[in-house]
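Data first, discussion second: the structure below is written as structure tokens.
The values are calculated or read from the model by the stated rules, or taken from the named source; none is laboratory data. Note that the structure is a prediction, hence the values are computed from the model and not measured. Note that we place each Cβ from the backbone using ideal geometry, even for glycine, and neighbour counts take in every protein chain shown. Heads up: the accessible areas ignore ligands, DNA and RNA and are worked out on the full protein's heavy atoms, side chains in. Shrake-Rupley method; radii C 1.70, N 1.55, O 1.52, S 1.80 Å.
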Amino acid sequence: MGLFEGKTALIFGVANDRSIAWGIAQALHREGCELAFSYGAPPLEKRVRPLAESVGAKLVEECDVGDDAAIERLFKKVQETYGTIDVLVHSIAFADRRDLQGRFVDTSRDGFKMALDISAFSLVALTRAAEPLMTNGGSILTLTYYGSVKVAPQYNVMGVAKAALESCVRYLASDLGSKGIRVNAISAGPIKTLAAAGVAGFKKILTYSEQASPLRTLVTIEDVGNTALWLLSDWSRGVTGEIVYVDAGWNIMGLTVPLEHLDEMK
Ligand SMILES: NC(=O)c1ccc[n+]([C@@H]2O[C@H](COP(=O)([O-])OP(=O)(O)OC[C@H]3O[C@@H](n4cnc5c(N)ncnc54)[C@H](O)[C@@H]3O)[C@@H](O)[C@H]2O)c1
């Protein structure tokens, strides 16, 4: 019997089959979880619906997480379809491309608001909407990146948004713990996805991370999916408010050495 047999997960953030949310969805499906999907904008439907149908999803609905009325409509449908849910996956981020290059100091007020709203506040809004549906307790998971705690070139306003998101994880975990609802984040290493392509110089980040991380590899959406299984299941019953790194060990390194000098230092 699968680890998630009899459980239902609502997954936000599948845009295509390279999305981290899709890696998590596939892992949950393998363990017998019932899956529902929400995608961010109408043009994504043609990619998301076939993926959702391939894992037997009964509910595939659009929801722009910047719109409170859309969130309310979506959760009403989720309640009508499933009654309760056990798992919520928030795998969403957005910033204006202009704010993911150049100097952070030049971030506009509107760009800052947008990045923080869609990438951080949305976790609060979705958690609030999910709480009444998690009557048997639950597990909520979001995705973050190391650019929240240290400066990563060009990550700029998204680093600030991820810092806010990680703080939201702790406050939400504290609020909801007494109801048996846990809230955690996975801090993933760089993965070539649609969102990542928006960060200037992302290819170099991939090369550098692969060559300089302790495991000398890039992580995959399957790696993230497998750790997500642990965080979303009862195996991690005693864990909440945590940021778990799935980054081939990158975050433990204290000295980042330019690639061309790595070998000569051995
Ligand atoms: N790819 C990486 O290197 C990496 C590393 C660490 C963390 N992350 C995080 O993982 C998460 C998923 O990103 P991904 O890399 O899988 O890319 P992705 O482009 O596949 O997923 C991002 C998702 O956010 C959704 N989204 C954006 N604005 C939205 C809105 N207003 N309403 C609803 N949905 C909206 C998009 O539709 C898309 O499905 C993000 O939070 C990202 O910051 C990614």
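Listing for the model above:
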item: For q = 0.21 Å⁻¹, Debye-computed log10 I/I(0) when each Cα of the range 115-232 counts as one equal scatterer; result: -1.22
item: Reduced Cα scattering model of the range 51-195, Debye log10 I(q)/I(0), q = 0.10, 0.13 Å⁻¹; result: -0.37, -0.63
item: Simple Cβ-charge dipole of the chain, Lys/Arg +1 and Asp/Glu -1, about Cα centre, in debye nearest 20; result: 260
item: Anisotropy class of the range 110-156 from Cα gyration tensor, a/c 1.5 cut; result: oblate
item: Per residue value of the accessible surface for the chain (all protein chains in place, 1.4 Å probe), Å²; result: 49
item: Relative contact order, percent, the range 8-246 [alpha-carbon distance under 8 Å, six or more residues apart]; result: 22
item: Over 21 Å (Cα to Cα) - which of Lys46/Lys113; Lys7/Lys179; Lys77/Lys162 fall in this group; result: Lys46/Lys113; Lys77/Lys162
item: More than 20 Å apart - percent of Cα-Cα pairs taken over the range 168-233; result: 46
item: Residue-count net charge about Leu215 - beta-carbon cut-off 11 Å; Lys, Arg +1, Asp, Glu -1; result: -2
item: Reachable aspartates and glutamates from Lys58, criterion Cα separation under 15 angstrom, eight or more residues apart if same chain; result: Glu34, Glu45, Glu80
item: 20 °C / 1.002 mPa s Stokes-Einstein diffusion coefficient of the chain, Kirkwood radius on C-alpha pairs, µm²/s; result: 114
item: 13 Å beta-carbon shell around Ile191, net charge (K/R +1, D/E -1); result: -2
item: Residue (of Thr135, Ile11, Tyr146) at the positive-pole extreme of the range 8-156, dipole from beta-carbon charges; result: Tyr146
item: Over the range 37-130, volume per residue of the alpha carbon convex hull, in Å³; result: 113
item: For Arg47, net neighbour charge (Lys/Arg +1, Asp/Glu -1) across residues whose Cβ lies under 11 Å away; result: +1
